[in-house]
1. Can you pull out every residue in segment 334-367 that is out of contact with any Gly (no Cβ under 6 Å at 6 or more places or on another chain), of a type in the set (Ser, Thr, Tyr) and not in a helix (DSSP H, G or I)?
2. Between a first residue in segment 218-239 that is surrounded by 19 or more Cβ atoms within 10 Å (Cβ to Cβ) and a second residue that is among the small types (Gly, Ala, Ser) and in a helix (DSSP H, G or I), which pairs have beta carbons less than 6 Å apart while being 6 or more apart in sequence or on different chains?
3. Pull up segment 166-189, narrow it to residues that are assigned to a loop (DSSP other than H, G, I, E, B) and hydroxyl-bearing (Ser, Thr, Tyr), then point me to the one that is nearest to the chain's Cα centre (by Cα).
4. Does residue 146 satisfy being modelled with pLDDT under 95, acidic (Asp, Glu) and open to solvent by 20 Å² or more (accessible area, probe 1.4 Å)?
5. Quick one: what pairs do we get from segment 98-111, first residue at positive phi, second of a type in the set (Ser, Thr, Tyr), C-beta under 8 Å, 6+ apart or different chains?
6. The conditions are (1) closer than 22 Å to residue 277 by Cα; (2) open to solvent by 30 Å² or more (accessible area, probe 1.4 Å); (3) charged (D, E, K, R); (4) under 22 Å from the mean Cα position of the chain (by Cα), and residue 342 fails exactly one of them. Which is it?
7. Between 377, 346, 367, which is touching an Asp or Glu at 6+ places or on another chain (Cβ under 9 Å) and more than 14 Å from residue 297 (Cα to Cα)?
8. With 252, 248, 269 as the choices, which residue is open to solvent by 30 Å² or more (accessible area, probe 1.4 Å) and outside any helix (DSSP H, G or I)?
Amino acid sequence: MTHTRTPVRILASESAAKVIRSELSRRRFLSFAAAASATGLLAACSTGGGTSSAPQAVGAELEDALSIYTWGDYDNPDVLTAFTDELGPTITLDSFGSNEELISKLVAAKGTSGYDIVVPTGVFIPQMIENGLLQQLNLDLIPNLEFMDPAFLGRAWDPDNAYSICKAWGTTGFVYDKTVITRELTSWADFLDAAQNEASGKTSVLDDPGDLTGMYFWANGIDWNTTDAGDLAAAEDFLVNTLAPNISAFDSYPGGAAIPQGTHVLMQSWNGDARIGILESPDPDRWQWVFPGPETEIWMDNWAIATGAPNPEAAHAFIDYVLTPENQLLQLDYIGYHTGAKGIEAAAAEAELPMLDLVFFTPEQIATMREGEVNDAQQARVDIWNKTKAAAGA
């Protein structure tokens, strides 16, 4: 995830937490293209159960280095610098663009990737554990886990948090330029209509098969995890033949450039990236974020340690360090996503951080969020994505 910024209340209300607990059991992979091949890759390249030994003891000396393999620009540089200043290990960051890329590299390396911390999305974690790609955590070395809201722990993919801890969660909506689109847009149907009208030729969508097909299904009241051939054919016909000619870009991070620079007037976006783009715009009042109905997605990314991590003590120390309330607040503000920490919503409000409506959601909004699935239709979604991109000239 790619962004830039400004400086970080963490309480999803009790009712919101209950809804999240029921809805968020597996994150829709950020690339459905990744799912098909990554799943097959794991099946073909099993390395045996993920039981690599964790660091021996609390108080062990830290190594002098730490390598993190994560989504682009997904950590506050001030937190990274402070970790090194206070505890010593020098951090090296490397970024991937999809879970497929992450998994492929770990499988190919067979425990010698050189990476310590990795950040997979929840849907892949069971397969990664089964195939020995993740090292079991020593939770004795992560006492700051106590600062996490229980609503974001014990997910279905790792019920004991033996291998992973929530890093951030979010959703998908869109942003539009109110100086060009002067009517109010509130739904995915509105997005698709505006893309063919006021925003034709100036619309961007996420470069992701799930979100591309998802907005068609959400707009038409169809389960976005559908495997029905008729639903998929209808989505393909609309996206390839009707929507594609109006799409100017497939951009997963419009907050990094497109929103601040006004490159497009209608942009599908993840909430945190939208917040960053609007905050960095020279004319933030020009932009309107929409949490669209009737439904949209919910996802969660997770801290984990790669099997064969050369610096396991430093890896545990970093995860523990970032879970402190003050660092969670800094992280949240920088990336624009809820980190799952206790009381963070209240802390962010007290700090008077801007645009918290793009970070925290009401129970009513959360009730409309749906997690994705890796199912038999994922290849069809990838095919639709590829055909749409070709039809759009991307």
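The values are calculated or read from the model by the stated rules, or taken from the named source; none is laboratory data. Predicted, not measured: the structure shown is a model, and the values here were computed from it. FYI the Cβ positions are ideal-geometry reconstructions off the backbone, even for glycines, and counts take in every protein chain you see. Surface accessibility is based on the protein's heavy atoms, side chains included, excluding ligands, DNA and RNA. Shrake-Rupley method; radii C 1.70, N 1.55, O 1.52, S 1.80 Å.
1. Answer for segment 334-367, where residues must be out of contact with any Gly (no Cβ under 6 Å at 6 or more places or on another chain), of a type in the set (Ser, Thr, Tyr) and not in a helix (DSSP H, G or I): 339, 362.
2. The qualifying pairs are 219/189; 224/214; 232/380.
3. The extreme case among them is 186.
4. no
5. So the pair list comes out as 110/47; 111/47; 111/52; 111/307.
6. Only one criterion in (1) closer than 22 Å to residue 277 by Cα; (2) open to solvent by 30 Å² or more (accessible area, probe 1.4 Å); (3) charged (D, E, K, R); (4) under 22 Å from the mean Cα position of the chain (by Cα) is unmet by residue 342, namely (1).
7. Exactly one residue qualifies, and that residue is 377.
8. Just one listed residue meets the conditions, 248.
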